[in-house]
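All of the numbers you see were taken from the coordinates with simple rules; none came from a lab. What you see is a predicted model; the values in this text were computed from it and never measured. Cβ: placed from backbone, ideal geometry, glycine included. Neighbour counts: every protein chain shown.
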Amino acid sequence: MKVTKQVSPCPIKIQDNTFRDGHQSIYATRMKTEDMIPIAEEMDNCGFWAMEVWGGATFDTMHRFLGENPWMRPKILKKYVKKTPFSMLLRGQNLVGYRHYADDVVRAFVDKSCEIGIDIFRCFDALNDFRNIETCVERIKANGKHFEGTVCYSLTENRLGGEIYTLDYFVAKAKELQSMGADTVCIKDMAGLLSPYDAFDLFTALKKEIKVPLHLHTHYTSGMGSMSYLKAVEAGVDIIDTCLAPYALRTSMPACEPIVAALQGTHRDSGINLLTLIKLGEHLEDVAPKYKHLLADYKLSIIDNSVLAHQIPGGMISNLTSQLKEMKALDRLGEIYKEVVQTRKDMGYPPLVTPASQIIGSQAVLNVIFGRYVRISNQLKDLVLGLYGKTPRPIDKDLAQKILKNYKRGQTPITGRPADDLPPEMEEAKKTIGNLARTDEDLLGWILFPQTMEKYLQKKYGVDTAVSAPT
């Protein structure tokens, strides 16, 4: 008689990213809060480990394009979602902006985020230089919130390995986060590069060394996302990110429904009701027409096979195409894909995630249009100067010298924690903005996005006071 081995139940936990990364990936972060409210309460009843509702590009787009107070979304949704923790994506010392902010700004921003309802902070640094998340971690912990230490997944080859991004690299980075007090450790695969068997090997290795729960975030860009999730589940990953089907696939996350269905009846069964998910998706289909114009439709395929070669995340591709359209040089996109690969190598192979992705992408455009490093952006100079942190591999000294020649911020790269060189900002900002900022939230928003937030505040309060933006 055949004996069936009994395996103890170990339900996979699922974080839903529909209200943040889902619409950021496919609808340029344009989903309005009013379209979230009708299904928020039912989402709360699904049994998700967490719901990602804030962070990333939401703060920028809400005040810039939607005319919404970006601080209000978590507050509003908390009225309907009372059981499920709220998660946000936080870019370390970059917060939700595009430069490093002084420690006093970082502390105030994290404290305010806790106050408005954020429970879990997925905190990462674009260079995996964890000195850049130290101040965030200190405030997250001080507020008694959940610190999810995050490693950005990147490659130099088509598969895991090569000169930088090896199993040993990711295990070492995860152990560093665990030693910093991470409550969970996340592997953030922003471009969908993680292949299924690499996922199995990676999480098998991590499970042997990391004691806190492990979380995997990937995108469907390459078409491998769902397969990678299944192999990671086999290897013992604790939590995965998905979106409801209408906001999934393409450059978004794998869809929740097929994952839930595939694991039903197994020891990793999520316990989430599939029919409920389908019903929630119907609401997203109903509101889809108002966002349809934002969906990329320039090609038939919903996956991007070329991402496996150039490793450019979907959001970065849209930025590049927009930049090239303005320069009337869209026909040179293929050249720029190749140049991104070379520029990234020149800059020490940083992971292509905000803000590094924008810096590398913009410089690649300049290199193709004007010649290699004939014109150099100030952001690239800052990267080479060390103001964003330590790159995974050192930048060639001769190239660094050329790039930094006569640069007003310095010609010799720094080696310390970048924020140590930043003076406090809050008090000076208060003096500069004056009465236009009537709350701490107004002030923080203006420091993060001075030009666009000034316009938002003028409209909000019905004034036309002009202020001088900080440099």
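Over the stretch 13-293, the fraction of Cα-Cα pairs per 5 Å bin, rounded to whole percents and listed from the shortest bin up, is 1, 6, 13, 18, 20, 18, 13, 8, 3, 0, 0.
Length gain on complete extension for the stretch Lys175 to Asn378, per 0.36 nm per residue less the alpha carbon to alpha carbon distance?
Details: separation 203, 0.36 × 203 = 73.08 nm, distance 3.39 nm.
Fully extending the segment from Lys175 to Asn378 adds 69.7 nm.
For Ser195, Ser8, Ser87, the sequence from fewest to most other C-beta atoms within 10 Å is Ser8, Ser195, Ser87.
Write down Rg/Rh for the chain, rounded to two decimals, with Rg from the C-alpha atoms and Rh from the Kirkwood relation over Cα pairs. Could you put the intermediate results ahead of the total?
Details: Rg = 21.9 Å, Rh = 23.0 Å.
Reported Rg/Rh, Kirkwood definition of Rh: 0.95.
A simple spin-label model places pseudo-atoms 7 Å from Cα toward Cβ; at Lys345 and Asn305 they are separated by 2.3 nm.
Rounded to the nearest 20 debye, the dipole size of the stretch 42-148 about its Cα centre is 260 debye, using +1 on the Cβ of Lys and Arg and -1 on the Cβ of Asp and Glu.
To the nearest 0.05, how large is the calculated FRET efficiency for Ser8 and Gln264 if R₀ is 22 Å and r is the Cβ-Cβ distance? Please list the in-between numbers first.
On the way: r = 17 Å, r/R0 = 0.78.
My answer for the efficiency is 0.80.
Between Met72 and Arg438, the simple spin-label model (points 7 angstrom out along Cα→Cβ) gives 1.3 nm. Toward the positive end of the charge dipole of the chain, about the Cα centre and with charges on Cβ (Lys, Arg +1; Asp, Glu -1), which of Gly416, Cys114, Gln363 goes farthest? Farthest along the dipole direction, towards plus: Gln363. For the stretch 166-233, the set of trypsin sites (Lys or Arg not before Pro) satisfying both a DSSP loop assignment and a count of at most 12 other C-beta atoms within 10 Å is given as Lys211. Put a plus charge on the Cβ of each Lys and Arg, a minus charge on the Cβ of each Asp and Glu, and nothing anywhere else: the dipole of the stretch 312-471 about its Cα centre is then about 540 debye.
With the simple model of a label 7 Å out from the Cα in the direction of the Cβ, Arg393 to Ile278 spans 5.0 nm. Fully extending the segment from Ile164 to Lys32 would add 43.5 nm, taking 0.36 nm per residue of separation and subtracting the current Cα-Cα distance.
Pop the C-beta distance of Lys455 and Asn406 into the FRET formula with R0 = 60 Å and round what comes out to the nearest 0.05. Don't skip to the end; give the middle numbers.
Values: r = 34 Å, r/R0 = 0.57.
Result of the calculation: an efficiency of 0.95.
Determine the dipole magnitude for the chain: charges of +1 sit on the beta-carbon of Lys and Arg, -1 on that of Asp and Glu, nothing else is charged, the reference point is the Cα centre, and the result goes in debye to the nearest 20. Present the calculation step by step, with values, prior to reporting the outcome.
Details: 59 positive and 57 negative charges, 111 e Å.
Computed charge dipole of the chain: roughly 540 debye.
With R₀ set to 25 Å, the beta-carbon distance separating Asp464 from Met426 gives a calculated FRET efficiency near 0.50.
Once the other residues with Cβ under 15 Å from the Cβ of Ala142 are scored (Lys, Arg +1; Asp, Glu -1), what is the net sum? All intermediate terms of the calculation are to be shown ahead of the outcome.
Numbers: positive: Arg107, Lys112, Arg139, Lys141, Lys145; negative: Asp103, Asp104, Asp111, Glu115, Asp119, Glu134, Glu138, Asp183.
Here the count lands on -3.
The gain in end-to-end length when the Phe65 to Lys325 segment is fully stretched comes to 91.6 nm, 0.36 nm per residue minus the alpha carbon separation. Name the residues whose placed amide hydrogens come within less than 5 Å of the amide hydrogen of Asp241, ignoring near sequence neighbours (fewer than 5 apart) on the same chain. The list, which skips near neighbours in sequence, is Gln15, Leu216, Thr218.
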